[in-house]
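Colleague: I'd like to ask some things about the structure below.
The values are calculated or read from the model by the stated rules, or taken from the named source; none is laboratory data. Computed from a predicted structure; not experimentally measured. Here the Cβ positions follow ideal geometry from the backbone for every residue, glycine too, while neighbour counts run over all protein chains shown.
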Amino acid sequence: MAELRWLLLLIGICVIGAVYLYTRFRPQTGDHADTESRRKEPRMAPVDSVSVEESVELSAPVIGPPEEVSAVAPAPQLVVAIRLMPDGRSRFAAEKLILDLRELGLRHGQYGIFHLLDDNDGQAIFSVASLVEPGSFDLTKIKTDSYPGVSMFMALPGPLDGPAAFDEMLTVARKLAERLDGQLLDEQGNRLSIQRERYMREEIIQFEHMGKG
């Protein structure tokens, strides 16, 4: 009987050891394995958890569909120009030219050229540029510089109606030509005749009528 009890006790110990070893080293399966794999594998955050700022920074610029892009055509514009050239001399002295422009009410301003400004809104009624590229006047060199001529031009629509602005430019141009002993030419380089002035005025009137229509 004693030997039988020792044999049963030894069998029980072996069974317990086998169960322990099996449970300790068996492959992980089922819910426990899923839990472990979920714990070890990195997961990406759902879209809802990404902030607006992050999504803007990481995404490419979004361009709206063509129908959302403004396709407003620029307003038509008319530029009217005349030239003042030396008569009998090769160039205008810078100091005399600039002083006369100032005395006739023009001011040195944007782009380094002279402008006659409207008293109400400060827009240029017409402007005067040098015929030397880029057209600006260097006020630091008026004692030494000279110019082969100037271009007087106006852009429509402007602060005044077209014919009034044209008459204003012609008035100043005639006074400046008289002071500088120069001659007025049209944009094609021909002497500015009374007939040519009338034709230019008619072009301005037609342009304004087209704009109003």
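Colleague: State all residues of the range 110-146 that are out of contact with any Leu (no Cβ under 6 Å at 6 or more places or on another chain) and aromatic (Phe, Trp, Tyr); if no residue qualifies, say none.
Modeller: Those that are out of contact with any Leu (no Cβ under 6 Å at 6 or more places or on another chain) and aromatic (Phe, Trp, Tyr): 111, 137.
Colleague: While we're here: Filter the range 119-155 down to the residues that are crowded, with 21+ Cβ neighbours inside 10 Å, touching a Ser or Thr at 6+ places or on another chain (Cβ under 8 Å) and among the hydroxyl-bearing types (Ser, Thr, Tyr) and list them by number.
Modeller: Scanning the range 119-155 gives a single hit, 130.
Colleague: Across the range 186-213, what is the total count of residues that are within 36 Å of the chain's Cα centre (by Cα), hydrophobic (A, V, I, L, M, F, W, C) and either within 26 Å of residue 97 (Cβ to Cβ) or in a loop (DSSP other than H, G, I, E, B) (or both)?
Modeller: As a first pass, look at the range 186-213 and keep what is within 36 Å of the chain's Cα centre (by Cα): 186-189, 200-213.
Of the ones still in play, those that are also hydrophobic (A, V, I, L, M, F, W, C) are 200, 204-205, 207, 210.
Among the residues that remain, those that are also either within 26 Å of residue 97 (Cβ to Cβ) or in a loop (DSSP other than H, G, I, E, B) (or both) are: 200.
So the answer is 1.
Colleague: State the number of residues belonging to the range 142-188 that are without any contact (Cβ under 8 Å) to a residue 12 or more places away in the chain and among the small types (Gly, Ala, Ser).
Modeller: 1
Colleague: Tally up the residues in the range 118-159 that are hydrophobic (A, V, I, L, M, F, W, C) and either modelled with pLDDT under 95 or assigned to a loop (DSSP other than H, G, I, E, B) (or both), please. First the steps, then the outcome.
Modeller: To start, the set of residues in the range 118-159 that are hydrophobic (A, V, I, L, M, F, W, C) comprises 124-126, 128-129, 131-132, 137, 139, 142, 150, 152-156.
Then drop every residue that is not either modelled with pLDDT under 95 or assigned to a loop (DSSP other than H, G, I, E, B) (or both), which leaves 131-132, 137, 142.
The total comes to 4.
Colleague: Further question on the same structure: Looking only at the range 91-118, which residues are of a type in the set (Gly, Ala, Ser) and either crowded, with 16+ Cβ neighbours inside 10 Å or out of contact with any Ser or Thr (no Cβ under 8 Å at 6 or more places or on another chain) (or both)?
Modeller: First, the residues of the range 91-118 that are of a type in the set (Gly, Ala, Ser): 93-94, 105, 109, 112.
Correct list: 93, 94, 105, 109.
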